[in-house]
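Asker: What follows is a single structure, and I will ask about it in a moment.
The values are calculated or read from the model by the stated rules, or taken from the named source; none is laboratory data. Since the model is a prediction, treat every value here as computed from it, not as a measurement. Cβ placement follows ideal geometry from the backbone for every residue including glycine, while neighbour counts extend to all protein chains displayed. The accessibility values were calculated without ligands, DNA or RNA, using every heavy atom of the protein model including side chains. Shrake-Rupley method; radii C 1.70, N 1.55, O 1.52, S 1.80 Å.
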Amino acid sequence: MARTEPFNVLWLQSGGCGGCSMSLLCADTTDFHGLLRDAGIRLLWHPSLSLETGGDVVAILNDVLEGRVRLDALCVEGALLRGPNGTGRFHVLAGTGLPMIHWVQRLAGQAGVVAAMGSCAAWGGITAGGANPTDACGLQYEDDRPGGLLGAGFRSRGGLPVVNVAGCPTHPGWVIDTLMAMAAGELTADALDALGRPRLYADQLVHHGCTRNEFYEFKASAEKPSDLGCMMEHMGCKGTQVHADCNTRLWNGEGSCTRGGYACIACTEPGFQEPGHRFHETPKIAGIPIGLPTDMPKAWFVALASLSKSATPQRVKLNATADHRVVTPSIRKTRLK
């Protein structure tokens, strides 16, 4: 049954860089507001996209809390800052005198769905790295541990846990598709993975669609940042382990980290900000990468890697350690005789 009322979305920005909002502005459309409107979505307020400021914003928040305006989705960008000493006063919402965590906790109780937009809001992310002096956390997770600001048992008015649209920044397509699924009533518990991420992108791996896959198949590896080869073995790439569709749903219609020559650093995963090693290096034991492809036993990987390296075509081997295509594929007849 089609909606007769708009799907009201409120977007708040907590501790972070604002990169997820900047990413959202790159949504693949010439009419951002028209895209939302056609999907039945009404943006009650967004710190970068809305005109209201000051007292007008506070009035919107109070209208929601007092039941005068229905809140269908609360979207939070940035980590939740609980410090110092649990007061939340490291981040006070301007003009209110109240900590942002106070507003988020109260509004979450009114929302049909609560969504963490980006890895900071999902797991704590970069903001929670290091000594974490601000006591930053995600809405329902601290890294991969359930809890966060709202607690492991939190469920929205619609019965869902926090929807974690993770990424650093999150992809504009993931945000738009998730909001549209919410508005259509199609974002059910079955549509989320075990970490609360929408399966519309989290059921994929960054490895899927990677333009370096031929090099991966033959374990023909890059040795320095400008090389064309696979970056898993030496350059820290975690694309075979990371849940996201970056290489099939390209950024700005044409790019991804690996296509730009950068290793996947697992930004959709909890704890990516502190991998325990430098991002551009692959930790190994006895020459074998510690982080193996998802679902692959170590013995299989070792056997496959050995066989693949021995079968690597000269073309692939030479191209892997070059910054441009040195040898092109040979021409052969393909029809059967």
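Asker: Of the conditions (1) of a type in the set (A, V, I, L, M); (2) surrounded by 24 or more Cβ atoms within 10 Å (Cβ to Cβ); (3) within 25 Å of A244 (Cβ to Cβ), I176 satisfies every one except a single condition; which number is it?
Answerer: The number of the failed condition is (2).
Asker: Still on this structure: Can you name the residue in the stretch 241-255 that is among the polar types (S, T, N, Q) and open to solvent by 20 Å² or more (accessible area, probe 1.4 Å) and, of all such residues, is farthest from K298 (Cα to Cα)? Even if it seems obvious, please write down each step before you answer.
Answerer: Restricting attention to the stretch 241-255, the residues satisfying the condition of being among the polar types (S, T, N, Q) are 241, 247-248, 252.
Retained after the next criterion (residues that are open to solvent by 20 Å² or more (accessible area, probe 1.4 Å)): 241, 248, 252.
Numbers: Q241: 14, T248: 27, N252: 36 Å.
Filtering the stretch 241-255 for residues that are among the polar types (S, T, N, Q) and open to solvent by 20 Å² or more (accessible area, probe 1.4 Å), the one farthest from K298 (Cα to Cα) comes out as N252.
Asker: Then there's this: Listed residues T170, T134, T211; which is open to solvent by less than 10 Å² (accessible area, probe 1.4 Å) and β-branched (V, I, T)?
Answerer: Sole residue among the options that is open to solvent by less than 10 Å² (accessible area, probe 1.4 Å) and β-branched (V, I, T): T170.
Asker: Restricting to the stretch 195-223, name every residue that is charged (D, E, K, R) and in a loop (DSSP other than H, G, I, E, B). Please lay out each step first, then the result.
Answerer: Let us first name the residues in the stretch 195-223 that are charged (D, E, K, R), namely 197, 199, 203, 212, 214, 217, 219, 223.
R197, D203, R212, K219, E223 - these are the residues of the stretch 195-223 that are charged (D, E, K, R) and in a loop (DSSP other than H, G, I, E, B).
Asker: Restricting attention to the stretch 263-311, which residues are free of Cβ contacts under 8 Å to residues at least 12 places away in the same chain and hydroxyl-bearing (S, T, Y)?
Answerer: Residues satisfying the conditions are S306, S310.
Asker: Then there's this: Which of (1) at pLDDT below 90; (2) open to solvent by 30 Å² or more (accessible area, probe 1.4 Å); (3) more than 23 Å from T170 (Cα to Cα) does V327 not meet, given it meets every other one?
Answerer: Here V327 meets the rest and fails (1).
Asker: Then there's this: Determine, yes or no, whether G271 is open to solvent by 30 Å² or more (accessible area, probe 1.4 Å), closer than 30 Å to G125 by Cβ and modelled with pLDDT of 90 or more.
Answerer: On the way: open to solvent by 30 Å² or more (accessible area, probe 1.4 Å): no; closer than 30 Å to G125 by Cβ: yes; modelled with pLDDT of 90 or more: yes.
In short, no.
Asker: Identify all residues within the stretch 279-290 that are of a type in the set (G, A, S) and open to solvent by less than 60 Å² (accessible area, probe 1.4 Å); write none if there are none. Quick ask: steps written out before the conclusion?
Answerer: The first filter runs over the stretch 279-290 and keeps only residues of a type in the set (G, A, S), leaving 286-287.
Selection gives G287 alone.
Asker: Further, regarding this structure: State yes or no: is A220 small (G, A, S), open to solvent by less than 40 Å² (accessible area, probe 1.4 Å), touching a Lys or Arg at 6+ places or on another chain (Cβ under 6 Å) and without any contact (Cβ under 8 Å) to a residue 24 or more places away in the chain?
Answerer: Values: small (G, A, S): yes; open to solvent by less than 40 Å² (accessible area, probe 1.4 Å): yes; touching a Lys or Arg at 6+ places or on another chain (Cβ under 6 Å): yes; without any contact (Cβ under 8 Å) to a residue 24 or more places away in the chain: no.
Criteria not met by A220.
Asker: Of all the residues that make up the stretch 180-199, how many are charged (D, E, K, R), more than 18 Å from D38 (Cβ to Cβ) and open to solvent by 20 Å² or more (accessible area, probe 1.4 Å)?
Answerer: Looking only at that region, the number is 3.
Residue-wise test of (1) under 30 Å from A121 (Cβ atoms); (2) open to solvent by 50 Å² or more (accessible area, probe 1.4 Å); (3) of a type in the set (G, A, S); (4) modelled with pLDDT under 95.
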site: G229; (1), (2), (3), (4): no, no, yes, no
site: G239; (1), (2), (3), (4): yes, no, yes, no
site: C257; (1), (2), (3), (4): yes, yes, no, no
site: L292; (1), (2), (3), (4): yes, no, no, yes
site: P313; (1), (2), (3), (4): no, no, no, yes
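Asker: For K337, are the conditions met, namely being in a loop (DSSP other than H, G, I, E, B) and either open to solvent by 50 Å² or more (accessible area, probe 1.4 Å) or not hydrophobic (A, V, I, L, M, F, W, C) (or both)? So that I can check it myself, show each step before the final result.
Answerer: On the way: in a loop (DSSP other than H, G, I, E, B): yes; either open to solvent by 50 Å² or more (accessible area, probe 1.4 Å) or not hydrophobic (A, V, I, L, M, F, W, C) (or both): yes.
Yes.
Asker: Could we say that V163 is under 18 Å from C75 (Cα atoms), buried (at least 21 other Cβ atoms within 10 Å of the Cβ), in contact (Cβ under 8 Å) with a residue 12 or more places away in the chain and within 18 Å of the chain's Cα centre (by Cα) here?
Answerer: Yes; evaluated as a whole, the condition is true for this residue.
Asker: Now, a different point. For the stretch 259-268, name all the residues that are open to solvent by 30 Å² or more (accessible area, probe 1.4 Å) and of a type in the set (A, V, I, L, M).
Answerer: I265
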